[in-house]
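One structure is given here, and the rest of the page talks about it.
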Amino acid sequence: MSAITPPLTAHFATLAPRYDVLLCDVWGVVHNGVAATVESCAALIKFRSQGGTVVLITNAPRPGDFVQGFIDTLKVPREAYDAIVSSGDVTRSLVAERAGERVFHVGPERDLPIFEGLDVEIVPIERADFAVCSGLYDDTRETPQDYVKLIDEMHARKLAMICANPDVVVERGDHLVYCAGAIADLYAHSGGNVIYAGKPYRPIYEQAIACAQALRGHAVDHGRVMAIGDSVRTDLKGAAAFNIDSLFVTAGIHAQELGGRDEPDPATLRDMLAAAGVSPTAVMRRLEW
């Protein structure tokens with residue numbers, strides 16, 4: 001499949017009238033892990049002021065209310081969105097289907113709220129019925145290769161793994177850090193059974209659309225829904241698979257590959273999209289009204 005690269009759009013105001021609902025990525029668009037992206041938040045506020053609905057859709061491996069608490073600390077205004085749907089929310093529903101079973105958790109303690117109130121017991125790997133991977137234990141110094149031995153142990157136990165965050169990397173300030181998707185991909189590529197909870201997989205989009213419909217009080221025309229994100233692998237491929245329009249923000253995790261945050265190289269951008277087989281509806285450096 002050849003990809004068509006649209007010219008850079010300077011202002012979201014030229015696109016906004018075509019949409020009633022935005023499914024907006026969080027990390028990489030609304031904030032960079034350290035601070036809110038002021039221009040993007042302002043654009044979402046403006047879209048909502050004109051009758052639009054904004055559902056933040058994130059691969060954060062924690063429930064939506066915990067995500068809200070975190071982005072509050074980064075000064076993301078609550079006026080910028082109507083609701084949050086996270087891969088943590090989807091993960092909780094998948095774990096709930098395994099009520100009474102024992103789970104081995106791969107990830108930092110800060111992600112434990114994903115299990116709160118659910119009928120599962122967190123146990124060591126040798127006693128587990130399945131695994132949930134929400135990230136690396138220490139993403140400040142570890143890489144996926146540090147988990148090869150653990151992956152071998154999961155194979156020996158024939159454990160299914162629920163991946164609570166399909167992202168491979170995200171921005172944290174000016175740095176990229178590894179996410180659960182990097183470990184899950186290693187497990188899947190070596191023959192392990194992985195169930196991915198977030199983008200680009202369908203369940204998180206279905207949950208976000210259901211949320212938007214509840215907020216608007218009626219069915220939502222998919223032709224008037226746009227997904228916004230900075231990841232080709234998750235945001236663009238997820239939108240394409242769900243058959244909705246997409247806006248690619250280049251000043252996110254792919255910024256360095258594209259030659260910088262301010263002037264993405266057109267040829268590199270074209271090649272990146274062609275390699276992925278995706279054609280976003282629009283491309284912007286950053287989400288700005």
Report summary line: Pairs returned, first residue in the range 83-100 that is more than 20 Å from Glu121 (Cα to Cα) and touching a residue at least 40 places away in the same chain (Cβ under 8 Å), second residue that is of a type in the set (Asp, Glu) and open to solvent by 40 Å² or more (accessible area, probe 1.4 Å), beta-carbon separation under 9 angstrom, 6 or more apart or interchain, are Ile84/Asp65
Requested in this report: Would you check if there is a residue in the range 28-49 being crowded, with 19+ Cβ neighbours inside 10 Å, charged (D, E, K, R), at negative phi and modelled with pLDDT of 95 or more?
Outcome: no
Report task. Output the number of residues of the range 158-188 satisfying the condition of being among the basic types (Lys, Arg) and within 12 Å of the chain's Cα centre (by Cα). Result -> 0
Requested in this report: Restricting attention to the range 196-234, report how many residues are under 19 Å from Leu44 (Cβ atoms) and assigned to a loop (DSSP other than H, G, I, E, B).
Outcome: 4
**Report entry** Selected residue (only one of Ala274, Ala267, Ala240 is open to solvent by 10 Å² or more (accessible area, probe 1.4 Å), more than 24 Å from Tyr201 (Cα to Cα) and outside any loop (DSSP other than H, G, I, E, B))
**Finding:** Ala267
**Report entry** Of the criteria (1) in a loop (DSSP other than H, G, I, E, B); (2) at pLDDT 95 or above, which one Gly259 fails
**Finding:** (2)
Query raised in the report: What helices (runs of 4 or more DSSP H), lying completely within the range 50-157, carry at least 3 residues that are within 16 Å of the chain's Cα centre (by Cα)?
Result: 64-73, 87-96
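This table checks each residue for (1) open to solvent by 10 Å² or more (accessible area, probe 1.4 Å); (2) touching a Phe, Trp or Tyr at 6+ places or on another chain (Cβ under 8 Å); (3) charged (D, E, K, R); (4) closer than 18 Å to Ser86 by Cα.
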position	(1), (2), (3), (4)
Lys158	yes, no, yes, no
Ile183	no, yes, no, no
Tyr205	no, yes, no, yes
Ala212	no, no, no, yes
Gly229	no, yes, no, yes
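The values are calculated or read from the model by the stated rules, or taken from the named source; none is laboratory data. Since this is a predicted model, take the numbers as computed values, not measurements. Please note: Cβ atoms are built from the backbone with ideal geometry, for glycine as well, and neighbour counts cover all protein chains shown. Just the protein is used for accessible areas: all its heavy atoms, side chains included, with ligands, DNA and RNA removed. Shrake-Rupley method; radii C 1.70, N 1.55, O 1.52, S 1.80 Å.
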